Amino acid sequence: MSIKNELDPRVKRTRLLLQEALISLMANKEFDAITVQDITKHAGVNRATFYAHYEDKYHMIRQICRDMLQQLIQATKFIAPSNNVTPEEMAYQSFLHLFEHIEENNYFYKVLLSRKGSNIFRNRMYTLLQESYEKAINYLQPNHLHFKVANDLLTSYITGATMSTIINWLEKDMQYTPRYIAEQLLYLSKNGIFVAAGIGSK
């Protein structure tokens, strides 16, 4: 087996072809049930070509996850508030960039976050978002004594809610714009569930 030079344009084209084949297969078949032969047949290449690029399908899915999550990190990179950027604006921009990134890569996320998708990707994405939220919260409120709930519960709650919102949005064919979702999530973040549901008042 020889893992090809990633900078070679021909290598990039072949890998993209293989990756698109896998994602397309995963739209209708669980990852564990997909074979290398399935991938190569769908991509129109032979097994030798596959093994010149990847050790196995698990190596392949890890590479796919890594590449997309790197893009996600860049899209949602934490920007500390300044004189010109309030915490509310920072949170809004973070939500907006996240959902714009998801929208641009919606087919990929719809497949990978579906029930037939990869637990590897889902778990890594959850961890990435959780770490991002934890970093932002700790920056905005470094004194944990001021927290009204435990820090780990707070970050888990926000991360879980964001992941569920993303999945729901994709399953319903993105009926809301990223800007609308960012506005709604900011409102929820500022006012809480009771006020959002009209139970309290604000």
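Only one residue in Tyr176, Tyr180 is aromatic (Phe, Trp, Tyr) and either in contact with a His (Cβ under 9 Å, 6 or more places away or on another chain) or not in a helix (DSSP H, G or I) (or both), so which one is that?
On inspection, the qualifying residue turns out to be Tyr176.
Search region 36-61 for residues being closer than 25 Å to Met125 by Cβ and among the hydroxyl-bearing types (Ser, Thr, Tyr), and hand back the single one that is nearest to the chain's Cα centre (by Cα).
Here the residue is Tyr58.
State which residue pairs qualify: first residue farther than 15 Å from Gln37 by Cβ and inside region 49-60, second residue surrounded by fewer than 16 Cβ atoms within 10 Å (Cβ to Cβ) and of a type in the set (Gly, Ala, Ser) in any location, beta carbons under 8 Å apart, and separation of 6 or more residues or different chains.
Ala52/Ser2
Taking the stated definitions as given, is Ile120 touching a Cys at 6+ places or on another chain (Cβ under 7 Å), of a type in the set (A, V, I, L, M) and in a helix (DSSP H, G or I)?
Answer is yes for this residue.
Give the residue that is modelled with the lowest pLDDT, with candidates limited to residues of region 110-142 that are of a type in the set (A, V, I, L, M, F, W, C) and buried (at least 17 other Cβ atoms within 10 Å of the Cβ).
Top of the filtered list is Ala136.
Pull up region 1-17, narrow it to residues that are part of a helix (DSSP H, G or I) and in contact with a helix residue (DSSP H, G or I) (Cβ under 6 Å, 6 or more places away or on another chain), then point me to the one that is modelled with the lowest pLDDT.
Within region 1-17, the subset part of a helix (DSSP H, G or I) is 9-17.
Next, only the ones that are in contact with a helix residue (DSSP H, G or I) (Cβ under 6 Å, 6 or more places away or on another chain) stay: 15, 17.
Numbers: Arg15: 91, Leu17: 94.
Per the stated criteria, the residue is Arg15.
Any idea how many residues of region 96-107 are part of a helix (DSSP H, G or I), surrounded by fewer than 20 Cβ atoms within 10 Å (Cβ to Cβ) and out of contact with any Lys or Arg (no Cβ under 9 Å at 6 or more places or on another chain)?
Number satisfying all stated conditions: 5.
The values are calculated or read from the model by the stated rules, or taken from the named source; none is laboratory data. On a predicted model such as this, the values are computed, not experimentally measured, just so you know. Glycine gets a Cβ as well: all are built from the backbone with ideal geometry, and neighbour counts include every protein chain shown.
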